[in-house]
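Computed from the coordinates by the stated procedures, all read-outs in this text should not be read as laboratory data. Just so it is clear, the structure is predicted and the values come from calculations on it, not from any experiment. Using ideal geometry, Cβ is built from the backbone for each residue, glycine included, and neighbour counts are taken over all protein chains shown.
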Amino acid sequence: MKRSSRLSLALHALVHLHKQPDEAITSATLAQCLMTNPVVVRRVLGELREAGIVGSTKGHDGGWRLLRPASDISLRTVYAAMGESLLIRTESDPGDIQCGIVRTVNSVMGEFIADAEALLAARLERVSIHDLALQAVPHPLHPHHGAHPHG
């Protein structure tokens, strides 16, 4: 199963923002850390802004900041804000719904997916951005000598 690159980018960016609480971080700086384009950063963080997780300011001291403590931002909150599914969908084409086998497979697989999503949501709720940041060694924007430059 392919991981959501947008969710991974969002989580990565949020850890950087948490580690720099006293200054806004520009899209360009975050893009370097995330090894992507500033436009991608703005799109991803724009979704988080709509959810009230981050805020942005323009101008000389502009950039992105967390709007609430990282310990209050669960991975589930970010996952929901991104509006993505991390699980594989197994439904057949709507035209196949006439077939009894297709309906049975869809029903059974739908139950499995619903159970898996509930477990995933519960697990994501237990982990915060702060928890991720505690595991991010070295410090994301200030790595120790010899470490990867983006953290």
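Couple of notes before you dig in:
- Taken along the Cα-to-beta-carbon direction at a fixed 7 Å, the label points for Thr57 and Arg103 span 6.0 nm.
- Fully extended contour minus Cα-Cα distance, from Asp96 to Arg123, at 0.36 nm per residue: 6.3 nm
- For a label point 7 Å along the Cα-to-beta-carbon line of Glu50, residues of segment 4-32 with backbone N under 18 Å: 5-11
- Remark: segment 75-85, residue by residue, has Karplus-estimated 3J(HN,Hα) of 4, 5, 4, 5, 4, 5, 5, 6, x, 10, 10 Hz, where x stands for each Gly or Pro and the curve is 6.51 cos²θ - 1.76 cosθ + 1.60 at θ = phi - 60°.
- Sorting the segments 57-69, 120-132, 13-25 by their mean number of nearby beta carbons within 10 angstrom, highest to lowest, gives 13-25, 120-132, 57-69.
- Taking each residue as 0.36 nm, the span from Leu87 to Ile113 lengthens on full extension beyond its C-alpha to C-alpha distance by 8.6 nm.
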